[in-house]
1. Which residue, of A:61, A:74, is crowded, with 17+ Cβ neighbours inside 10 Å, at pLDDT below 95 and within 7 Å of chain B (Cβ to nearest Cβ)?
2. So, residue A:114, is that one in a helix (DSSP H, G or I), modelled with pLDDT of 95 or more and in contact with a helix residue (DSSP H, G or I) (Cβ under 8 Å, 6 or more places away or on another chain) or not?
3. Considering (1) surrounded by fewer than 24 Cβ atoms within 10 Å (Cβ to Cβ); (2) within 15 Å of residue B:140 (Cα to Cα); (3) at the interface with chain B (Cβ under 7 Å from one of its Cβ atoms), say which one residue A:37 fails and leave the rest.
4. Would it be correct to say that residue A:13 is under 28 Å from residue B:68 (Cβ atoms) and in contact with a strand residue (DSSP E or B) (Cβ under 9 Å, 6 or more places away or on another chain)?
5. Across the stretch A:127-185, which residue is surrounded by the fewest Cβ atoms within 10 Å (Cβ to Cβ) among those that are outside any helix (DSSP H, G or I) and free of Cβ contacts under 8 Å to residues at least 12 places away in the same chain?
6. Within the stretch A:25-47, which residues are in contact (Cβ under 8 Å) with a residue 60 or more places away in the chain and more than 18 Å from residue B:125 (Cα to Cα)?
7. Quick one: would you say residue A:116 is under 18 Å from the mean Cα position of the chain (by Cα), facing chain B (nearest Cβ under 7 Å) and more than 19 Å from residue A:35 (Cβ to Cβ)?
8. For the stretch B:110-131, name all the residues that are surrounded by 23 or more Cβ atoms within 10 Å (Cβ to Cβ), closer than 16 Å to residue A:69 by Cα and within 7 Å of chain A (Cβ to nearest Cβ).
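The values are calculated or read from the model by the stated rules, or taken from the named source; none is laboratory data. Remember, predicted model here, so these are calculated numbers, not experimental data. Cβ placement follows ideal geometry from the backbone for every residue including glycine, while neighbour counts extend to all protein chains displayed.
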C-alpha cells in the first residue's frame, strides 16, 4: 500500500480514476466535470467590466467549480508530500529529443530550465509560462472547454462539438511541439 | 441564494440553487482530483511532450480509459434514469455546434498552449500545489487570456 501511494500509478488505475469524476460530479450535484470554466468565474468575480460574457451570477453558477479548483491545488500539495516525484520516467527517445533542443535537467514535474521564477525573464521561460498560459486561457474560453470538459466529459457524452475541439487540441499541440518549440528552446 | 436564473448563464451553469453545504464536497473531490493528476503524472510537461512526440502510449492509454469509464458511466446513468443525491434528474446539456468554428479554432489555440505550458487548466493548479509556483504566473496569464476572449467575443466567429 505504501509503495502504491508513493509510486506513480499505472495507466489502468490513473485513467479510470479520472473517468470516475464524470459520474461522481453528476450524481453529487448535476455538475459537468470541467476545469476551465473556473477561469471564467474568476474573471467574472474579479473584473467583469461591462462584458456580457462575465455578467452572470458567478456564485450560483461557479462557486462549486472554484471550490473544486481550490481542492485541486490542495490535492497536488498533499500528493507531493507522500513521495514527491523525483524524475518522471519518460522514454529515452523523448529525453534525447529534448536534450537536442537544449534541455539538460530532467528532474521534477516540469523542466526547471523553463519553469522557474528565475527562467521567467528568459525568452524560453516567458514563452513557456506566459505565452503558453495565455493561449490556454484564451483557447479554452473560445472552445468552451479544456481537456476535462471536452476530451473527457464531452467525448463520454458522444458530443460532436467536443470531438472537433479535441482534434483541435491535438492539431495545436503537434504544431507547437514540432514547429514552435524548436524555434525558441 | 437566489433561485432566479441570471440572463446570461454559462452553458454548464447549474439549473437549480445548490445548498451551500455541498461546497465542501466539491473541495474534497477537488483534492481527490489533484492527487489523481499528480500520481498519474499527467500534469508533467515531460509526459505531455512524450505524448505529442508519440514516444509512449501512456498518455493515450490514460485518456482512452478515462473516456471509456466516463462514457460507460454516463450511458448507465441515462439507462437507469439515475437522479442526483438531492433527487433531481441528471441532465447533460448538449453543446451547441453552430458553425463549429469556435471548437476548431479555440481548440487549436488551446492545443498550442497545452504543448507550450505542458499543462491544461487542472494541472496548472495541481502544479502550484506540487511546488511549481511559477505556474501562478501561467494561471494569471490564462486569466488574462480568458478575459480577452470575453472582450473580443462579439467579434469572433463561433
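1. Details: A:74 fails: at pLDDT below 95.
The unique qualifying residue is A:61.
2. On the way: in a helix (DSSP H, G or I): no; modelled with pLDDT of 95 or more: yes; in contact with a helix residue (DSSP H, G or I) (Cβ under 8 Å, 6 or more places away or on another chain): yes.
The answer is no for residue A:114.
3. It fails just one condition, (1).
4. Working: under 28 Å from residue B:68 (Cβ atoms): yes; in contact with a strand residue (DSSP E or B) (Cβ under 9 Å, 6 or more places away or on another chain): no.
Against the criterion (under 28 Å from residue B:68 (Cβ atoms) and in contact with a strand residue (DSSP E or B) (Cβ under 9 Å, 6 or more places away or on another chain)), residue A:13 does not qualify.
5. First, pick out the residues of the stretch A:127-185 that are outside any helix (DSSP H, G or I): A:144-146, A:157-159, A:185.
The next check asks that each one be free of Cβ contacts under 8 Å to residues at least 12 places away in the same chain; those that pass are A:157-159.
On the way: A:157: 19, A:158: 11, A:159: 20.
Out of the qualifying residues, it is A:158.
6. Here is the first cut: in the stretch A:25-47, the ones in contact (Cβ under 8 Å) with a residue 60 or more places away in the chain are A:32-37, A:39-40.
Result: A:32, single match.
7. Numbers: under 18 Å from the mean Cα position of the chain (by Cα): yes; facing chain B (nearest Cβ under 7 Å): yes; more than 19 Å from residue A:35 (Cβ to Cβ): yes.
Spelling it out, residue A:116 is indeed under 18 Å from the mean Cα position of the chain (by Cα), facing chain B (nearest Cβ under 7 Å) and more than 19 Å from residue A:35 (Cβ to Cβ).
8. So in the stretch B:110-131, the residues surrounded by 23 or more Cβ atoms within 10 Å (Cβ to Cβ) come out as B:110-127, B:129-130.
Then keep just the ones that are closer than 16 Å to residue A:69 by Cα; that gives B:119-127, B:129-130.
Within the stretch B:110-131, B:120, B:121, B:122, B:125, B:126, B:127, B:129, B:130 meet the criteria.
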